[in-house]
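Asks: This structure is in structure tokens; I'll ask about it shortly.
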Amino acid sequence: MHFHELVHVIQWRLLGPERFLFAYANGLECFGYRQSPLEAMAYDAETAFASSKTIFNVEQMVAAKLGQ
């Protein structure tokens, strides 16, 4: 759970509060919880981290998925 929430902290920092809140709320409304883009990103990052055999750079992954 902590890793998943860490992803949201990184999303918040990279997007800023207004863009994060808009994207999160919009994703929930349009896609529901599990398919919401920011949630899907957090779950994908959890899976990638759990299966990684090397140092995992979650911030780099999130930035790339956000197009930054």
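Asks: Give me the number: length gained by fully extending Leu28 to Glu59, i.e. 0.36 nm times residue separation minus the C-alpha to C-alpha distance, one decimal in nm.
Replies: So the extension gain works out to 8.9 nm.
Asks: Moving to a separate point now. Could you point to the label whose value was computed as Kirkwood radius over Cα pairs in Å for the structure here, given [x] 13.4; [y] 12.5; [z] 12.1?
Replies: [z]
Asks: Hey, another quick one. Would you mind working out the magnitude of the charge dipole of the chain relative to its Cα centre, with +1 at each Lys and Arg C-beta and -1 at each Asp and Glu C-beta, to the nearest 20 Debye?
Replies: Values: 5 positive and 7 negative charges, 31 e Å.
So the magnitude is around 140 debye.
Asks: Quick one: angle between helix 2-15 and the longest Cα principal axis of the chain, in degrees between 0 and 90, rounded to 10, please.
Replies: 60
Asks: Would you calculate a helix-derived [θ] at 222 nm for the chain, using -39,500 (n - 2.57) for each DSSP H run of n ≥ 4 and dividing by the full residue count, to the nearest 500? It would help to have the intermediate numbers written out before the result.
Replies: Details: 4 runs with 52 residues, N = 68.
Taking each H run of at least 4 residues, the total per residue is -24000 deg cm²/dmol.
Asks: Which of the listed residues, Ala42, Asn57, Leu28, is farthest toward the dipole's positive end in the chain, when Lys, Arg count +1 and Asp, Glu count -1 at the beta-carbon?
Replies: Of the options given, the answer is Asn57.
Asks: Only Cα pairs under 8 Å and at least 6 apart count here; give the relative contact order of the chain as a rounded whole percent.
Replies: 38
Each reported figure results from applying straightforward, stated rules to the coordinates on display, with no laboratory input. A quick note: this is a predicted structure, and the numbers were derived from the prediction, not measured. Neighbour counts are summed over all protein chains in view; Cβ atoms, including those assigned to glycine, are modelled from backbone coordinates with ideal geometry.
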